[in-house]
Amino acid sequence: MRHAIWKPRRPVYLCDGTTVVGHEEAVGPLGACFDRYDPKDDTFGQSTWEAAESEMVRQAAKLLLERNGLGAEDVEALLAGDLLNQCTASGYGLLPFDIPYLGLYGACSTAAEGLILAALLADFTGGRTVSAASSHFCSAERQFRFPMEYGGQRTPTSQWTVTGAAAFLVSAQREDGTRRGRAVRIAELLPGITSDRGVTDANNMGAAMAPAALDTVLRYFSLSGRTPESFDMILTGDLGSEGSSLLCGMARAEGLDISRVHRDCGLMIYDNERSDKHAGGSGCGCSAVVTAGHILPALRAGRLTDVLLVGTGALLSPMVVQQGRSIPGVAHLVRITAGEEED
Amino acid sequence: MDTPGSDYPKYVRKHAKRSPLARDCARAFLVGGTICAAAEGLLAAYRALGASEEDAGLLVSVTLIVLTALCTGIGVFDRLARFAGAGTLVPITGFANAVASCAVDAKSEGWILGVGAKIFAVAGPVIVYGTAAGVAWGILYRLIRVFQ
């Protein structure tokens, strides 16, 4: 079998995660999990949507450093990515920090991609890395779809870009700050292989990403020799209802039943029936804020012990889709475990 | 269990949840019909105020465009359209919203490269091919008249 699972040589800890979200996310089922939101209008006091997203990233990173009593000199690197061209939300949002910056693009898989690289960097440097990911419904609509006030109907397979930013503190030392509970480690990493199975419908991103998620999940279980039942949760990023059922169906056809432990961040963040979000949430912010705000505290508190985060991304370019090309997907896997025991 | 095999896009299309066509049509008929009935009312009102038939028709169009632009600007139109679908898209309201929403959206990039350059980003194809179709039909009509 190709490509081994990467394991950090020393324990690497996922120490903390901060979240800043929009109104729709704050009133959703996980609303109470998030650190901050804009009670007014999702502009975060800025005059453009792009600046609003940058401000969310800045607030998430600032809160993370403050909460852990860290200064710029205490962090080796900032890794961040978003959906906007040139990753402007990350680049501009992290301008105030005097920390080396590495920009990432993995579409909606950016949070998982960031955690993989942050874990490797923490392992390599023996220090701390901050990794952030963000998306904003309004800036994403502008870039990928229609103007905000354009009147149209969405297809049932379409997804709703999450307004949210999260920042993670990844460290080679256990750092609990004032938080109680168990230590949370990043135990295993499996970067995804891009996969293009010919989906051209930009309103069905779940279908574009499902084959990539399937490939990563199949490779992981084949390489690790584990079974889905040994995990509390296999958490995909934003497959939504459409991609989730495709993934579970295709996995079952391959002889792997993950449906009992499979959850999807895009199906957790909104009350889909009530809030008209169709196939669920998506965007870099989706898996980022659910992992930081909901999964990490659950691991710490003992409600979860062993989680596979499979960050899914559709590498969509509206221009290239107009040129007739289909949409590739990618899915990065991060195994997050709680407790001190070694494997 | 149906598996994707080699034709994944076909499998995906078969698997995808369909739009509720009957519900969408009913809503489009209801809202679109209401807009058209209101426009007929306006036409009668303008005629009663002394406008010629041609002028009254023009005034109705202008009124609908202004109202749509206003509703787009205050953020109401997209909510109505999400409910109505083709009911707001097919009348002149759809075209007016396509122009006005681009103008509102592009304001952050300034008057020249923002609003000026992007105002027809959505409605542009309608203008280009609507004009081209008009020219083509004009030539055809002229030829028909010559040979009549």
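The values are calculated or read from the model by the stated rules, or taken from the named source; none is laboratory data. Everything numeric here is computed off the predicted structure, so don't read it as measured data. For neighbour counting, all protein chains shown are included, and Cβ atoms are generated from backbone atoms with ideal geometry for every residue, glycine included.
Key figures for this structure:
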item	result
Filter result (in contact with a strand residue (DSSP E or B) (Cβ under 7 Å, 6 or more places away or on another chain) and within 14 Å of another protein chain (Cβ to nearest Cβ)) within segment A:142-176	A:Gln159, A:Trp160
Scan of segment B:67-98 for residues that are farther than 19 Å from B:Gly32 by Cβ and either within 7 Å of chain A (Cβ to nearest Cβ) or buried (at least 24 other Cβ atoms within 10 Å of the Cβ) (or both), ordered by number	B:Gly75
Residues being over 16 Å from A:Val289 (Cβ atoms) and not acidic (Asp, Glu) - total across segment A:108-138	14
Some residue of segment A:92-112 being free of Cβ contacts under 8 Å to residues at least 60 places away in the same chain, touching a Gly at 6+ places or on another chain (Cβ under 9 Å) and in a helix (DSSP H, G or I)	no
Answer from A:Asp232, A:Asp238, A:Asp264 - the residue that is in contact (Cβ under 8 Å) with a residue 12 or more places away in the chain, away from chain B (no Cβ under 14 Å), touching a Lys or Arg at 6+ places or on another chain (Cβ under 9 Å) and not aliphatic (A, V, I, L, M)	A:Asp232
Residue list for segment A:238-280, filter: of a type outside the set (Gly, Ala, Ser), within 30 Å of B:Phe83 (Cβ to Cβ) and in contact with a His (Cβ under 8 Å, 6 or more places away or on another chain)	A:Glu242, A:Leu246, A:Met268, A:Asn272
Test: residue in segment A:92-99 that is in contact with a helix residue (DSSP H, G or I) (Cβ under 6 Å, 6 or more places away or on another chain), of a type outside the set (Val, Ile, Thr), in the same structural domain as A:Glu50 (by TED's automatic domain parsing) and under 27 Å from A:Thr194 (Cα atoms)	no
Segment A:318-332: number of residues that are in a loop (DSSP other than H, G, I, E, B), under 19 Å from the mean Cα position of the chain (by Cα) and of a type in the set (Gly, Ala, Ser)	0
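Here's the yes/no breakdown for (1) more than 9 Å from every other protein chain (Cβ to nearest Cβ); (2) of a type in the set (D, E, K, R):
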{"position": "B:Ser6", "(1), (2)": "yes, no"}
{"position": "B:Arg13", "(1), (2)": "no, yes"}
{"position": "B:Asp24", "(1), (2)": "no, yes"}
{"position": "B:Val31", "(1), (2)": "yes, no"}
{"position": "B:Thr34", "(1), (2)": "yes, no"}
{"position": "B:Ala38", "(1), (2)": "yes, no"}
{"position": "B:Leu43", "(1), (2)": "yes, no"}
{"position": "B:Glu53", "(1), (2)": "yes, yes"}
{"position": "B:Val62", "(1), (2)": "yes, no"}
